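What follows is a single structure, written as structure tokens, with notes after it.
Readers should treat all values here as calculations from the given coordinates under stated rules, not as data from a laboratory. Fair warning: this is a prediction, and the values are worked out from it, not measured in the lab. Cβ placement follows ideal geometry from the backbone for every residue including glycine, while neighbour counts extend to all protein chains displayed.
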Amino acid sequence: MAAADESSRPFAGLSDVSISGDIPVEGDISVPVGPSRRDDEFSTLDEPVKETILRDLRAVGNKFIHVLYPKRSSALLRDWDLWGPLLLCVTLALLLQGGAAKGDDQSGPQFAEVFVIIWFGSIIITLNSKLLGGTISFFQSLCVLGYCIMPLTVAMATCRIVLLVPNSLVSFVVRLVVVTASFGWSTFASTAFLADSQPPNRKALVVYPVFLFYFVIAWMILTFTPTQ
Amino acid sequence: MASTKDPFEFQEFEEAGSLLEADRDAVTISIEDEKPRQAPGVSPDEEHLDSDDKTELLSGQKKSTPFWTFEYYQRFFDIETHHVKERVIGSMLPWPGKNFIHIYLRRNPDLYGPFWICTTLVFAIAISGNLSKFLTSLGKSGYKYTPEFPKVTIAATAIFSYAFLVPLALWGFLLWRNNKIMNLVSYSFMEVVCVYGYSLSIYIPAVVVWILPYEWLRWCSIVVALCLSGSVLVLTFWPAVKDDHPKVIIAIMAAILVLNSLLAVGCKAYFFSKPEPVGTVAPLNEGTKTMPATLKPV
């Protein structure tokens with residue numbers, strides 16, 4: 001009877017234990033954390049779908065702010081997601097649609113080409129940094145590289161607006177300035193996040209492919225010409 | 001996430017690298033000199049250190065991790081910034097008697113340089129070819145700028161197949177000759193790939209020069225780049241074939257040089273063709289004529 005009672009309430013015996021002041025108590029007490037976390041998880045089942053989506057969107061937006069203001073915080077690295085990169089990549093590829101002459105060998109990059117360049121490019125850069133001995137995980141690096149496309153996506157949107165104005169020389173200069181600035185910004189932001197994970201004598205080896213990657217994307221954006 | 005106490009293996013590699021570095025200052029010319037040097041007149045302490053270094057290096061080399069593991073490929077990226085710099089500069093400045101593999105690679109061939117040099121060259125060719133076309137047709141009526149994105153794919157195919165298939169053939173040939181005639185020098189496949197990859201680095205500045213629409217300037221830079229990269233290749237592979245029949249030596253050196261110049265001239269003809277007065281279709285036709293020539297030996 002007593003044993004059954006004990007087994008049903010495993011911590012019942014602890015209630016009699018009194019710890020006097022002179023016994024040093026060490027270690028972490030992690031018992032109360034578990035149930036409360038479980039409660040949190042349960043509560044997401046009850047909440048409206050809108051709230052769940054909004055929370056994820058807020059997390060994505062929060063990371064956008066991190067890219068815009070790249071201080072060396074690990075928030076972008078700690079909880080990675082690929083929603084933001086997907087969103088940015090699709091937006092960029094859609095904005096690059098409809099360039100130049102169609103069905104011709106001379107045309108600009110198609111949707112699939114942009115998509116493949118961005119994803120394979122970031123995968124290759126990530127593999128490169130892992131092979132060089134980086135301590136960052138695979139998806140963290142993908143996440144950072146994807147989020148840091150954001151300045152270039154913004155530049156692409158600006159370019160499409162500027163291209164509505166017919167004056168070609170002025171619009172070219174404006175586009176050149178915008179794209180160069182956003183290219184620098186992307187490289188700087190991703191370097192701020194990625195370079196720390198490398199041993200100091202290999203930083204340049206990791207930064208160079210990132211530079212090349214954003215340079216190629218910037219080139220695609222700058223040379224975009226819509227069909228008249 | 002940059003935890004300093006991460007027990008990662010590069011610590012060990014780094015040490016090996018620094019020991020190699022120390023070695024490099026001591027040794028003057030080639031690997032063969034290294035072995036007799038260690039036998040006589042070394043203080044016991046140093047000898048101990050050296051043998052430690054030796055066993056460590058040997059164990060690093062002998063440790064045969066299977067090729068599907070990540071660690072296998074990590075060996076080819078065990079390289080630091082200053083190594084890459086030295087190798088690129090070394091591949092641009094050939095010097096008689098200097099063997100690129102012995103001086104710069106030192107039994108540690110890397111894939112980082114060849115891969116990123118090829119990638120850079122692909123985009124450099126595509127972008128500067130596009131720019132030069134834009135500059136030559138600037139101000140002509142009826143010209144409409146196009147990014148010519150598909151040329152990136154063609155450039156990538158041509159350059160990557162040159163940089164990996166030609167070394168494969170050359171390595172196979174050297175292996176075969178090595179069985180017939182005992183050569184003192186034999187190169188591994190990675191070393192051959194590495195030399196070929198780095199020998200392409202001179203073309204990157206050359207291709208940027210090609211943007212300017214002056215034919216004489218382009219041909220000058222082609223000749224300079226061909227001489228430099230060709231002589232690096234010849235100087236490197238000379239010791240491996242020098243004991244062979246003269247006919248074989250001439251054949252293999254000619255093949256190396258001809259393939260190298262085919263790549264350069266083919267790229268020049270395809271991506272930087274003279275603007276034809278007929279229209280934009282002409283360069284394409286010319287390209288279809290020249291491209292198979294570039295790809296044929298590969």
| message | Using a 10 Å cut-off around each Cβ of peptide B:143-154, what is the average number of partner chain Cβ atoms that fall inside? | response | 6
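Looking at the square roots a ≥ b ≥ c of the eigenvalues of the Cα gyration tensor of region A:122-215, which shape do they give, rounded for a/c under 1.5, prolate if a/b is larger than b/c, or oblate? Write down the numbers at each step before the final one.
Working: a/c = 3.57, a/b = 2.66, b/c = 1.34.
Since a/c reaches 1.5 and a/b is larger than b/c, the shape of region A:122-215 is classed as prolate.
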| Hey, how much of the P(r) for region B:112-295 falls beyond 27 Å, as a percent of Cα pairs? | 32 percent
| note | Expected vector for region B:124-130, Karplus 3J(HN,Hα) from phi with 6.51, -1.76, 1.60 and θ = phi - 60°, integer Hz, x for Gly and Pro, equals 4, 5, 5, 6, 6, x, 5
| J(HN,Hα) series, region A:65-70, from Karplus relation 6.51 cos²θ - 1.76 cosθ + 1.60, nearest Hz, glycine and proline x | 5, 4, 5, 5, 10, x
| Built amide H within the under 5 Å cut-off of residue A:225, gap 5+ | A:100
| query | By the gyration tensor of its Cα atoms, with a ≥ b ≥ c the square roots of the eigenvalues, what is the shape of region B:75-164: rounded for a/c under 1.5, prolate for a/b over b/c, or oblate? | reply | prolate
| remark: region A:156-207 and region B:156-226 have their Cα centres apart by a whole-number Å value of 33 Å
| said: Between residue A:173 and residue B:95, how high is the FRET efficiency from 1/(1 + (r/R0)^6) when r is the Cβ-Cβ distance and R₀ = 41 Å? Nearest 0.05. | reply: 0.35
